[in-house]
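Q: One structure is given below, represented as structure tokens, and several questions about it will come after.
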Amino acid sequence: MVILFLAILNTCVLFAQNKDRKHSPRWIWFPEGIPQVNAPNAPVFFRKSFSIPHNLFASGVSISVDNEYALYLNGKPIGKGAQWSTVDSYNILPLLFPGKNCLAVKAQNQGGPAGLLCSIAFLTKTGETMNVSSDDSWLCSQKEETGWMNPDFNDKSWIHSLIVGTPPDPPWGKMPGDFGSVISLDVTPDAISPNNDGFNDSLEILLNNFSGAELDVQIDIMDRRNKTLASMKGRSDKNQLFSWDGVNDKGEQAPQGVYICAARISRDKISLEFKEEFQVKNQRFLKKAPNIMKDVFPIGVWFDGRVEGINCSKGFHNAPLDKNEAKKYYEENFTDIKNHNIDLIVIPNTPPDYREILLSAADKTGVKIVLEIVEFAYVDFGGKFSARNPQMEKDETLLYDYCKKIIEPLKSHPSLFCYQILDEPSAELFPNFHRINRILEDIDPARPSFSCLCREDELHRTSRMGTQMMVFDRYPLRHGMKPGEYDFRNFISLLENLKKRAVDIPYWMVAQTCAMDREGGLRYPTPEELRLMVYLSLAHNAKGIFYFLHNSYTQEEKLLGLVDIHLKPHPLYKEAADIAAELKKLSPLLLTLKPVENIVSFEGNFDAQTFKNPEGESFIFISNLDVIKSAEFKGMIKGSSSKRHESLQNFLTGEKVMLDKENEGSMFRLGLKLGEGAILRVMEK
């Protein structure tokens with residue numbers, strides 16, 4: 001990443017890179033114990049007052065917190081985050097005002113080390129840069145007081161923060177990105193191979209604009225003799241992505257060699273320039289695997305794979321450090337899952353030395369495994385080859401050889417279903433995910449890459465991941481929310497969005513089967529709520545169902561799952577197993593059905609959707625949205641074609657539902673228990 005600065009010198013242009021590290025931010029925390037080793041799982045409140053420079057052009061804030069944060073400026077919320085290994089940046093120019101300003105952070109640790117790293121960057125219209133970075137001048141408190149995030153709050157009782165490290169000090173190491181930037185330009189990769197195999201085919205030029213100012217941008221691609229091959233222009237007040245596919249303005253492919261990306265960014269009389277070299281190379285062609293996920297209906301469960309003493313502290317329900325005990329642990333848990341009608345297990349966080357033991361146990365017990373490759377998922381294991389690292393290695397040969405060394409020993413296991421590259425990646429990491437995904441498709445086309453998403457506002461960008469399926473989780477039921485208070489129409493809206501975004505690929509839904517014993521945490525669904533979430537997902541075209549999660553207290557969030565540490569089941573487990581048994585009967589049908597225009601009209605607190613199979617038969621999915629009481633569904637099959645309809649048949653039970661013919665269609669009634677769903681086949685004469 002190159003940081004670009006703006007300056008006005010009448011009509012002159014000035015450009016430079018940021019070399020000043022005097023004001024680099026420090027990791028800070030409340031002065032209690034040794035926070036860089038371990039800190040209480042409790043919120044800490046931080047404040048920093050400052051005055052803004054004169055003649056301000058742009059300003060932004062960059063922040064990372066181990067583990068969670070809520071950020072405020074002058075009492076206004078700016079953003080939230082829960083991933084310390086990434087850096088979040090926000091434009092704050094609109095919220096600044098002359099005089100005293102205050103940046104405030106509510107930070108929350110979730111076990112282990114704790115730290116806040118933050119920098120406020122200012123850019124003036126004369127090209128000067130200033131930073132206000134986290135250090136021991138920031139005030140902190142363990143008490144949340146009224147108005148604590150406002151500039152006029154009396155903070156005399158607050159104390160100075162403790163400096164607990166400076167990047168790249170452990171335990172956090174080198175942080176991705178560049179703190180203190182307001183406007184920057186990323187040009188990646190260093191070498192492109194435009195052979196249309198979906199890997200590094202084009203140069204990506206990303207303007208990061210946190211200033212909020214509308215900028216004119218011109219990108220020129222030139223050869224070493226400064227001859228322009230292609231030009232692109234844009235105007236935006238937000239981040240803007242440009243790409244070059246290796247073809248000049250005449251439609252000719254650029255030969256191998258060194259080229260220059262030149263950028264000019266302007267606003268009024270303010271301009272900046274930037275040049276960076278890159279290469280065009282010939283590389284191996286990566287084969288594209290056919291989509292084999294359209295032919296499966298997975299019924300799965302999440303299972304945390306952390307190992308005590310390696311990537312999990314003691315006191316959690318995880319695999320034992322002793323490998324013989326770990327083998328026993330895997331076999332007992334996998335057998336328990338198999339006995340509850342669940343055949344597919346998603347396992348994140350397994351250290352490399354335990355993968356062989358885990359897969360051998362799965363081979364023995366007859367379950368299938370979605371195995372997360374921790375080298376791809378975490379910088380601690382994969383370094384520059386991790387997809388979570390914004391500066392991930394992009395050299396095709398180096399990345400390919402690294403992936404192949406990991407994957408080749410795993411391919412012999414019949415239990416290995418597919419690979420998880422990265423769980424819940426942010427949209428900024430989608431390109432990294434895609435690069436690894438394309439390589440894995442070439443190395444092992446029988447096992448497509450897998451990832452679960454949780455942010456609905458990023459669904460429109462999922463095509464950049466290149467997966468053969470879309471997986472999404474939503475856990476809507478929280479403490480303090482009694483059964484019947486949640487409006488499941490909100491859940492339906494999400495499902496409709498997933499159906500819309502999963503173009504030519506199936507989507508799989510993850511249902512809530514977990515709880516979190518803390519304020520604002522999750523509560524267990526009732527059996528009726530779980531059943532309703534599953535059947536609504538089916539009714540809105542989900543082609544796979546997962547439960548979250550099996551083994552309790554596996555994570556620092558202390559999530560309660562379907563079993564306790566002794567495999568004693570929570571009452572919800574039986575309902576999950578019963579639904580899984582139903583799904584096994586339904587899945588051959590569900591894979592063939594496609595949603596069509598709804599032929600049923602009704603009133604009341606229900607949901608009804610219509611599907612057809614390849615033979616043209618109609619199926620109606622009906623759900624009772626009431627999880628408190630049973631209800632009778634009264635519906636009408638619309639249209640003149642209903643004259644051919646004889647009856648409806650419950651696909652699971654075989655029971656018939658009779659139709660009463662009327663002028664407008666055919667009426668029918670169906671009794672549904674609380675939260676119950678039914679799939680009816682329309683029987684015709």
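Q: Loop only by DSSP, 11 or fewer other Cβ within 10 Å of the Cβ. Give me the GluC sites (Glu not before Pro) in region 456-518 that pass, ordered by residue number.
A: Taking region 456-518 and a limit of 11 other Cβ atoms within 10 Å, the loop GluC sites (Glu not before Pro) found are GLU485.
Q: While we're looking at this one, here's another question. What residue among PHE376, PRO390, ILE337 has its Cα farthest toward the positive end of the dipole of region 297-402, where the charges are +1 on Lys, Arg and -1 on Asp, Glu, each on the Cβ?
A: Toward the positive end, the furthest listed residue is ILE337.
Q: Hey, got the dipole for region 298-591? About the Cα centre, +1 on K and R Cβ, -1 on D and E Cβ, debye to the nearest 20?
A: In total the dipole reaches around 480 debye.
Q: Take the Cβ-Cβ distance between ASN150 and LEU241 as r, set R0 to 45 Å, and report the resulting FRET efficiency rounded to the nearest 0.05.
A: 0.75
Q: Using Cβ counts within 10 Å as a stand-in for footprinting exposure, how do CYS102, CYS454 rank, fewest first?
A: Starting with the residue having the fewest Cβ neighbours, the order is CYS454, CYS102.
Q: Now, a different point. Using Cα centres only, tell me the gap between region 381-430 and region 327-363 in whole Å.
A: With region 381-430 and region 327-363 each reduced to a Cα centre, they are spaced 21 Å.
Q: Size of the dipole of the chain about the Cα centre, Lys and Arg at +1 and Asp and Glu at -1 on the beta carbon, nothing else charged, in debye to 20?
A: 660 debye
Q: While we're here: For region 644-685, what does the relative contact order come out to in percent, with C-alpha contacts under 8 Å and a separation of six or more?
A: 53 percent
Q: Loop only per DSSP, at most 13 neighbouring Cβ atoms within 10 Å: give me the trypsin sites (Lys or Arg not before Pro) in region 243-283, ordered by residue number.
A: LYS250, LYS269
Q: State the antiparallel share, in %, of DSSP beta bridges confined to region 298-591, rounding to the nearest 5.
A: Within region 298-591, antiparallel bridges account for around 10 percent of the total.
Q: Taking only C-alpha pairs under 8 Å that are 6+ residues apart, what is the relative contact order of region 184-280 in percent?
A: 29 percent
Q: Roughly what angle does helix 355-365 make with the longest principal axis of the chain, taking Cα atoms, 0 to 90 degrees, to the nearest 10?
A: Orientation of helix 355-365: about 0 degrees from the principal axis.
Q: Related question: Tilt of helix 396-407 relative to the longest C-alpha principal axis of the chain, in degrees (0 to 90, nearest 10)?
A: 40 degrees
Q: Restrict the search to region 132-226; then list the GluC sites (Glu not before Pro) that DSSP places in a loop and that have at most 13 other Cβ atoms within 10 Å of their Cβ.
A: GLU144, GLU145, GLU214
Q: Out of GLN142, LEU116, VAL87, whose Cα points farthest toward the positive end of the dipole of region 83-176 (charges: +1 Lys, Arg; -1 Asp, Glu; placed on Cβ)?
A: VAL87
Q: Once the Cα atoms of helix 323-338 and of the chain are each reduced to a long axis, what angle between those two axes, in degrees from 0 to 90 to the nearest 10, is obtained?
A: Long axis of 323-338 versus the principal axis of the chain: about 50 degrees.
Q: Go ahead and estimate [θ] at 222 nm for the chain from helices alone: -39,500 (n - 2.57) per DSSP H run with n ≥ 4, summed, over the residue count, rounded to 500.
A: Mean residue ellipticity, 222 nm, calculated: -5000 deg cm²/dmol.
Q: Order by neighbour count: MET293, MET222, MET149, fewest other Cβ atoms within 10 Å first, most last.
A: By the 10 Å Cβ count, ascending: MET222, MET293, MET149.
Q: What percent does the relative contact order of the chain come to when contacts are Cα pairs within less than 8 Å and at least six residues apart?
A: Averaging sequence separation for qualifying contacts and normalising by length gives 9 percent for the chain.
Q: Another question, if that's okay. Determine the gain in length on full extension of the stretch LYS482-ARG224; use 0.36 nm per residue of separation and subtract their C-alpha separation, reporting nm with one decimal.
A: 86.1 nm
Q: Let me ask something additional. Using a cut-off of under 20 Å, list every residue of region 50-92 whose amide N is near the label point 7 Å from the Cα of HIS160 along the Cα-to-beta-carbon line.
A: 50-51
Only the coordinates and a few stated rules stand behind these numbers; no lab work does. The structure presented is a predicted model; accordingly, all values stated were derived computationally and were not measured. A quick note on method: Cβ atoms are made from the backbone with ideal geometry, for glycine too, and the neighbour counts reach across all protein chains shown.
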